[in-house]
Every structure is written in C-alpha cells, then in structure tokens.
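Let me begin by handing over the structure; questions about it come next.
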Amino acid sequence: MRKQQDTPVTKHTVLIGGVADMWEKMYWDVDHFCDLQRTYPEEKQPLVFSAINACISSKSLEDWTKSAWMKAARSAGETPSGEDFQERLTAAIPIQDLCADIANTSKHASYRDSRHPDGHLNLKWDDGAEIQPACQMLLRSGDGSQVLLLSDLDKLPRQWWRFLRSLELVDGEQPTPVWLQKKLSRIFGGAD
C-alpha cells in the first residue's frame, strides 16, 4: 500500500512547490536547448541532451498540472476527467504528446510512442548557406514532415502559460522569470 505523504514537495525539489515553479523550470530547459541550437549547433550531444531535458520538464509540468487541476476540481465539488484533461492539453500544446513520448522513452529505456505514434527526433547536418552557418539540425518527424524542433520548443513556454491560465492555475500575463531577467541583463546590461 502506498503511504500518503504530507511532506512538502520542496523537500526534494527545493524551489519547485507548484505548477508556476515547474513552468519556470521547463522554460529554463527550453531556453537552454534554444541557446545550444543557435550558439553551438555543431555539438550533437549537448543539443540532444538538452532537447530530452526540455521534454522531460514538459512532461513533469504536465503531471504537476494534472494533479493540481484535479485537486482544484474536486475541491470545487466537480468530478474531473483525465480524458478531458488530456484532450484539452493536446489541443493547447500540440508538441506535448511527442514530449511525453520522448520523456517516457528516456525514463523507461525503451521506445514509447503511445501518444505520438511514429514520432521521433533525428539529427541532420546542414551545410549552411551565405546567410546561415553549417550546423546540426534537430528535427522532429512523425506526421509525414520534418520540422526543426527549435520552432516547436521555442513556443512551448507561451503555450503552457496560456494552458495553465485556461485551467485557472496561474494568473496574469506570462511573467519573465528572474533567471531570464538576469540573463538578459548580463547580455544587454542594465540594473542589477
């Protein structure tokens, strides 16, 4: 029998105590991947590792969100449906099913495609052109096309924030996390 815990999750996660905190962690992983794709596109392992990390964070945010949403619905006297949650999530964040399969493949050490059948990532070398340097491109496939993963993951924080707002788990416009404010300040200068 599973023991019910009253211990706060921050005992393991330190700074992550709710969906907004997990959203910031997912955003950080996405930003890290985007930086690597743009800045060090010839590096295979860091590029792939950071993409996997972004997918794992997105799947973790999904788990946190579903738990918080179901708890809030039950507190309001409603009967939440996991299927309803999944339909709403897939409609709001199209890349989430692939992220979940990548996260589960990474976690379980065997290929998983229950949510995004035949979806996969691959690396392709691009020789570049006059305005674009040569680089490794991390592409996603699965729907008959190949799309630069950067294009999908770059949208992920905005899509997730809108979804969290639609579930009334966060308020207001998408914030700029403190870590991103400091990063931008280091790049462009500004107040400490």
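The values are calculated or read from the model by the stated rules, or taken from the named source; none is laboratory data. Since the model is a prediction, treat every value here as computed from it, not as a measurement. Every residue, glycine among them, receives a Cβ derived from its backbone with ideal geometry; neighbour counts consider all protein chains shown.
Restrict the check to segment 125-134 and report whether at least one residue is of a type outside the set (Asp, Glu), surrounded by fewer than 17 Cβ atoms within 10 Å (Cβ to Cβ) and in contact (Cβ under 8 Å) with a residue 24 or more places away in the chain.
Checked against the condition, which is being of a type outside the set (Asp, Glu), surrounded by fewer than 17 Cβ atoms within 10 Å (Cβ to Cβ) and in contact (Cβ under 8 Å) with a residue 24 or more places away in the chain, segment 125-134 yields at least one hit.
Residues that are in contact with a strand residue (DSSP E or B) (Cβ under 9 Å, 6 or more places away or on another chain) and more than 26 Å from Ala20 (Cβ to Cβ): does segment 90-112 have at least one?
Checked against the condition, which is being in contact with a strand residue (DSSP E or B) (Cβ under 9 Å, 6 or more places away or on another chain) and more than 26 Å from Ala20 (Cβ to Cβ), segment 90-112 yields at least one hit.
While we're looking at this one, here's another question. Quick one: count up the residues across segment 54-92 that are among the β-branched types (Val, Ile, Thr) and in contact with a Leu (Cβ under 7 Å, 6 or more places away or on another chain).
Summing the residues that are among the β-branched types (Val, Ile, Thr) and in contact with a Leu (Cβ under 7 Å, 6 or more places away or on another chain) in segment 54-92 gives 1.
Here's something else I'd like to know. Can you find a residue in segment 68-75 that is aromatic (Phe, Trp, Tyr) and touching a residue at least 12 places away in the same chain (Cβ under 8 Å)?
Yes; the residues of segment 68-75 include at least one that is aromatic (Phe, Trp, Tyr) and touching a residue at least 12 places away in the same chain (Cβ under 8 Å).
Also: Is one or more of the residues making up segment 52-75 in contact with a Pro (Cβ under 9 Å, 6 or more places away or on another chain) and acidic (Asp, Glu)?
no
Can you give me the ranges of the strands (runs of 3 or more DSSP E) entirely in segment 96-192 with at least 2 residues that are at pLDDT below 80?
Per the criteria, 120-126, 135-141.
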